[in-house]
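The values are calculated or read from the model by the stated rules, or taken from the named source; none is laboratory data. Computed from a predicted model, the values in this text were never measured in an experiment. When we count neighbours, we look across all protein chains shown, and the Cβ atoms used for this are built from the backbone with ideal geometry, even at glycine.
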Amino acid sequence: MTPFARRFVGELSFETLSGNKVFIDWSEEPLAHINLARWAEVFLIAPCTVNTLSKLALGIGDNLLTTTALAYNGKLLIAPAANTVMYKNPAVQENLRKLKERGVIVIEPEWGVLACEEEGEGKLASEDRLLDWVCYALNDKPLKGKRVLITCGATREYIDPVRFISNDSSGEMGFSLARVARWLGAEVKVIAGFTTAKEPPEVEIERVKTTEEMLKAVLREFESADVVIMNSAVADYRPKEVKEQKIKKKETLTLELVKTPDILEELGRRKKGQFLVGFALESEKLVENAREKLRRKNLDMIIANPVEVISAGHHRGYLITERGEEEFVFDTKLESAKFIMDRVAELTSS
Ligand SMILES: Cc1cc2nc3c(=O)[nH]c(=O)nc-3n(C[C@H](O)[C@H](O)[C@H](O)COP(=O)(O)O)c2cc1C
């Protein structure tokens, strides 16, 4: 904490709430700045005042924080927070540019109500974005230069203007894959149907409603992609006709369904060097059925999940390629996503 930060919040509050020791000066340790700089694998300053970021740009070390930053040669991240006019000040912007040129990651502030009660750009990035950038900084970049296209979520097939057929897909797996792919250096684009999971920060997400719309969006992006991961839960059938008016209530209602296009199969046919990954949720003969799908749809990798993962607290499955299969069990989909993306990176760099 800088001396000014301590005027806002005392270090005892920080120490108690975080459960970690808080450093403020050199009173306990004469070489605190050197020791802290050697100790850290990643260094995040949040919030970072325009004063502190300008000092960093000039190489000024006048307190423990700025001196530690001078002594640090790992990944440095700053999350500025300031009044909009202060942040846009040309001197501040020039200092930010200098820091970026030197490889400092600037986590841009967000739009919102600021301490001065004005509304504008200058609000400290959300905790979710801060943590995501720390993970980004901590990971190697084996997917640098690669474009990764990911689909996720559920599509809707409309019966009439207000009713539809859909499924329970949350989009969590696809969003986790997108998060991790960004950490590994990829340029990521997500095409999502309907989702309830939290969106990954700093990732471009295009929304679609129906399977047909998803097919169009995927085909538009497919040629320029290096890796394509089809994780969406698309409807296999849609009503043969979509009623223009809301259907009136009656005793029985029969819907005739027709097959929707098989996006994955279409991509398998068009594939020219893209690394294509599919997902298979199976209730029986898990590996056998998934392996058959891998061949039939011309995929490079398939992730087979047993039906139970939908409600289970853990995430289990098999990662299958032509070379073999690996079983995995993790507590969260984010950990599974890391495991899967690491394998994708290995197989696309060789
Ligand atoms: C109430 C109050 C709120 C402030 N908020 C900010 C802020 O959000 N961002 C900023 O860059 N400076 C802000 N300032 C100005 C800084 O306090 C001043 O630049 C200070 O020198 C920053 O010191 P530090 O970088 O060592 O923490 C604020 C000042 C006051 C009195």
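Looking only at residues that are within 18 Å of G122 (Cβ to Cβ) and surrounded by fewer than 18 Cβ atoms within 10 Å (Cβ to Cβ) in the stretch 69-91, which one is farthest from the ligand (Cβ to nearest atom)? Checking each candidate, the answer is P90. So which residues in the stretch 22-45 are under 25 Å from I105 (Cβ atoms) and either at pLDDT below 95 or among the basic types (K, R) (or both), if there are any at all? The one that is under 25 Å from I105 (Cβ atoms) and either at pLDDT below 95 or among the basic types (K, R) (or both): R38. Please work out if A40 is within 31 Å of the chain's Cα centre (by Cα), within 12 Å of the ligand (Cβ to nearest atom), hydrophobic (A, V, I, L, M, F, W, C) and assigned by TED's automatic domain parsing to the domain that holds R129. No; evaluated as a whole, the condition is false for this residue.
Could you go through the stretch 118-133 and let me know if any residue there is away from the ligand (no atom under 16 Å from the Cβ), crowded, with 17+ Cβ neighbours inside 10 Å and not basic (K, R). Scanning the stretch 118-133 turns up at least one residue that is away from the ligand (no atom under 16 Å from the Cβ), crowded, with 17+ Cβ neighbours inside 10 Å and not basic (K, R). Scanning the stretch 207-244 for residues that are part of a strand (DSSP E or B) and surrounded by 19 or more Cβ atoms within 10 Å (Cβ to Cβ) turns up V227, V228, I229, M230, A233, R238. The single condition among (1) touching a strand residue (DSSP E or B) at 6+ places or on another chain (Cβ under 6 Å); (2) within 30 Å of E127 (Cβ to Cβ) that E202 does not meet is (1). Selection of strands (runs of 3 or more DSSP E) fully inside the stretch 83-194 by the criterion of at least 3 residues being touching a residue at least 60 places away in the same chain (Cβ under 8 Å) returns 147-152, 157-160.
I'm told I247 meets every condition in (1) among the β-branched types (V, I, T); (2) closer than 19 Å to F279 by Cβ; (3) surrounded by fewer than 16 Cβ atoms within 10 Å (Cβ to Cβ) except one. Can you identify the failing condition by its number? Condition (2) is where I247 drops out. One residue alone among N51, N35 is within 15 Å of the ligand (Cβ to nearest atom) and of a type in the set (S, T, N, Q), and that residue is N51.
The conditions of being more than 13 Å from the ligand (Cβ to nearest atom), at pLDDT 95 or above, in the same structural domain as S18 (by TED's automatic domain parsing) and within 30 Å of V180 (Cα to Cα) are not met by E94.
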